1. Of the residues GLY283, GLY291, GLY328, which single one is touching a residue at least 40 places away in the same chain (Cβ under 8 Å) and either of a type in the set (Phe, Trp, Tyr) or closer than 19 Å to GLU30 by Cβ (or both)?
2. Only residues that are more than 25 Å from ASN418 (Cα to Cα) and of a type in the set (Asp, Glu): list them for segment 502-547, please.
3. Of the conditions (1) surrounded by fewer than 24 Cβ atoms within 10 Å (Cβ to Cβ); (2) aliphatic (A, V, I, L, M); (3) not in a loop (DSSP other than H, G, I, E, B), ALA107 satisfies every one except a single condition; which number is it?
4. Condition test on GLY144, is it outside any helix (DSSP H, G or I) and among the small types (Gly, Ala, Ser)?
5. Can you confirm whether segment 529-550 contains a residue that is touching a residue at least 40 places away in the same chain (Cβ under 8 Å), in a helix (DSSP H, G or I) and within 21 Å of LEU491 (Cβ to Cβ)?
6. So which residues in segment 148-203 are closer than 26 Å to THR414 by Cα and among the β-branched types (Val, Ile, Thr), if there are any at all?
7. Counting only residues that are under 19 Å from LYS354 (Cβ atoms) and over 24 Å from the mean Cα position of the chain (by Cα), which one in segment 69-93 is surrounded by the most Cβ atoms within 10 Å (Cβ to Cβ)?
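The values are calculated or read from the model by the stated rules, or taken from the named source; none is laboratory data. The shown structure was predicted, so the numbers you read here are calculated from the model rather than taken from an experiment. For neighbour counting, all protein chains shown are included, and Cβ atoms are generated from backbone atoms with ideal geometry for every residue, glycine included.
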Amino acid sequence: MPLFAERSKLKGGSFLVSETDPMSVFISQEWNEEQQMILQMVKDFCMQEIQEPMLKSGKELDAATDQDKIVALLEKAADLGLCGIGIEEEYGGIDLDFNTGLLFSEAIALGFSFATTIGAQTSIGSLPIVYYGTEEQKARYLPGIASAKLKAAYCLTEPSAGSDANSGKASAVLNEAGTHYMLNGQKMWITNGGFADLFIVFAKIDNDKKLSAFIVEKEFGGITLGVEERKLGIKGSSTVQVFFDNCPVPVDNLLSHRGDGFKIALNILNTGRIKLGASTNGGCKFGLTKGIQYAIERKQFDKPIAEFGAMKYKIGEMASRTYCIDAGIYRTGHLIDQKTRELQDGGMKASKAKLEAVREFAIECSILKIKGSENADYCIDEVLQIHGGMGYAVETGIEMGYRDARITRIYEGTNEINRLLSVAELTKRALKTKEIDLMTAGKKIPTSVLKNLSPFQKKKDLLLEKRLVNGIKQAFLLISGSAGKKLREKLVDEQEIVMNMADILAEAFICESAILKVEKLRKLKLEDKKRRKIQKKMVQLYLYEALDRARKAGKDAIASYASGLEKTGLNRLLNNLLPEYDINPKRHRRAIADYVIEKKGFDF
């Protein structure tokens, strides 16, 4: 069993200013037998109920014509307990711990667009009630959601309110009898909306500045659905507009307290973001394996294309990125579980503890949403390229994956919004709540520069790599400190600079997570030496390229706010913090590719 980190270190964003014992992180090699059974059960479900019928018919699910099939799939999933993964057992769920829930999200990605359908049921459609509902509300609605007798949807977005959700125009007015809120408004992009029995709806009561949240049954009346949206991808996911015209909502169906809606929306999105990171990484693993298998089968010039360096470049690169993001996902999921237990030990109710634990790691959740979704787009594009013309054909399903992946950079908050949020949340914890001491960490930059300038002979045990990751952290502190000092309150409006900072922050977290995983593998000797060596190469390759990305982001940021001698000096510091990393990237990619090709798939 992994050793728990000290409680004082269970702070979201603290990775930037503190060191982590590799023995304290969770790595995917530690899944127990029960968790592996859940993983296999979900994969089998997706293969038997979704992939095989699709390949047999040659058609992907389409919500406009296959709604009955989609509903039947949801009900079959519920029979296996998969619609109640986040619901307490007393209400008919199986209440998985958070990290196992992420494993479920990874596995359900094999269900293609159905992953969006069940994701809405198990996350945004039910968790507002799990976390914020009264005991009466939970008893009334959660058993039905867990059994899929009630199909759930989440109504936040409006035509004029997307990322700025609190600007929504939907309204709720108490009737004269004081028994019901009369709900009016229009919601759009509502997943599962075409067949939902239950809606979590956000609206403003009277002239409130903040949203409130309501549990709304379709049977209440006053609800009209739009036609199914015609979309680029995820065609098997129902997406409609929902119109409320004097829909009577009992006062007892107000969720939490008046004005809590915006808080509820933000906290639920934090949960969805890291789950999306896990789901997209599951898609990357699946797609990469398909690409490897095709490269082995496809022959050109009398040999498999898997033997060509151009193909090995793609396979090695995809494997490296996917492996390192995976390390960050399950590191964070485990931290959330630890934080949950810590809060419960302090007397907090389980549902509130889970919610607060996820909120604590909001920075990491945003990072993983960004990195996971962007890697999904990268991987499916490369897998399609490996397939050549066949990848462009409908029959392989690759073009469907290409279209489906694109939405992941948009929902659960666009990647631009998540970049801004990750830096904003970190800044708030540094300046307002004083939870993270960026000031003291920033003062260590001169020492870090001197260390990076000093000769470094010992390359074993990833000591060089850890120094370089520390340099990425210091680069973030350098730019955030100098930009903040110069721009002050204007920095928040310089979104390009903030997004540069976010990219450096993300690389620091992913690189460190991957190094910690490989260190733990080595210390525990969990796998054979050859396999550990390949995992180390994946981490080194990722770090090699992450340094380039961080260096580019840093230079762009500096050029955006500094000039003259100040610019020259900051660039010199940046280059010293992020020196060249001497590895042979071609050799690393080929070694990684050769290994996964021999295994006929990505099996980490």
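1. Residue meeting the stated conditions: GLY328.
2. Within segment 502-547, GLU519, GLU527, ASP528 qualify.
3. (1)
4. Considered against the rule, which asks whether it is outside any helix (DSSP H, G or I) and among the small types (Gly, Ala, Ser), GLY144 comes out as no.
5. Looking for residues that are touching a residue at least 40 places away in the same chain (Cβ under 8 Å), in a helix (DSSP H, G or I) and within 21 Å of LEU491 (Cβ to Cβ), one finds at least one in segment 529-550, hence yes.
6. If the condition is that a residue be closer than 26 Å to THR414 by Cα and among the β-branched types (Val, Ile, Thr), then THR157, ILE190, THR191, ILE200, VAL201 are the ones that fit.
7. TYR91
Per-residue answers, yes or no, for (1) at pLDDT below 95; (2) under 16 Å from ILE264 (Cβ atoms):
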residue: LYS151; (1), (2): no, no
residue: LEU156; (1), (2): no, yes
residue: SER160; (1), (2): yes, no
residue: VAL173; (1), (2): no, no
residue: THR179; (1), (2): no, no
residue: TRP189; (1), (2): no, no
residue: PHE195; (1), (2): no, no
residue: PHE202; (1), (2): no, yes
